[in-house]
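Notes follow the structure.
Each value in this text was obtained by applying a stated rule to the coordinates, not by laboratory testing. Every value quoted in this text rests on a predicted model; they were computed, and no experiment measured them. Quick reminder, even Gly has a Cβ in these numbers, built from the backbone with ideal geometry, and neighbours come from all protein chains shown.
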Amino acid sequence: MVQETSIKVKIREPKTKNEFDQYYNLRWRILRQHWNQPKGNEKDEKEKESIHLLVFDKDKIIGVGRGHFNTKTEAQIRYMAVEERFQGKGVGTKILETLERKLIKKGARTIILNARENAMKFYKKHNYKIIGKGHTLFGVIKHFKMRKEI
Ligand SMILES: CC(C)(COP(=O)(O)OP(=O)(O)OC[C@H]1O[C@@H](n2cnc3c(N)ncnc32)[C@H](O)[C@@H]1OP(=O)(O)O)[C@@H](O)C(=O)NCCC(=O)NCCS
């Protein structure tokens, strides 16, 4: 069952170039800017083949997330980011649950991710289990490899 957010929001895939620009910009601001990373660093080689999701509060984009496949049955979630003042209101949950549903529909049996230490509680709550230590990004952000079997 999809959990309700405490605010009324819409979720869908980006359609226009302008929406994609805003999507990458939010990703960069939340996940890269603080660590002085240049624009462009928020993207990787999987963008074209990925599922992208945007959350809107009225017409403002306040949350993003991405899913892609590593194999036919193993999917990966990356770049989950919610605008700071909207964090803790269920927006991330909505993105995660919608991505999971879409990935499962396309054949995912396992979903993996590399969680930042600060976000581990969020993923644990959604039944992801720690399977090992991950990389340390920009020399400071510890990651943990997590997995959920469907
Ligand atoms: C992690 C993130 C995507 C979660 O989205 P969100 O909208 O804040 O999450 P939700 O409101 O759906 O939270 C659901 C649960 O996760 C927990 N949670 C969310 N963010 C948390 C945080 N930063 N620290 C600890 N727990 C957190 C809450 O306990 C909440 O449980 P509760 O409802 O019982 O209190 C968002 O906080 C974010 O963008 N954080 C900064 C960027 C980041 O770390 N991204 C993840 C990279 S792996």
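Points to keep in mind about this one:
- Cα gyration tensor shape of the chain, rounded if a/c is under 1.5, else prolate or oblate by comparing a/b with b/c: rounded
- Kirkwood hydrodynamic radius of the stretch 83-150, from inverse mean 1/r over distinct Cα pairs, in Å: 12.9
- Relative contact order (%) - criterion: Cα under 8 Å, at least six apart; region: the chain: 21
- Between the stretch 50-110 and the stretch 119-150, the alpha-carbon center distance in angstrom: 15
- Label zone at LYS58, where the point sits 7 Å out along the Cα-to-Cβ direction: the stretch 78-92 residues whose backbone N lies under 15 Å: none
- Over the chain: helical MRE at 222 nm, DSSP H runs n ≥ 4 each giving -39500 (n - 2.57), nearest 500: -7500 deg cm²/dmol
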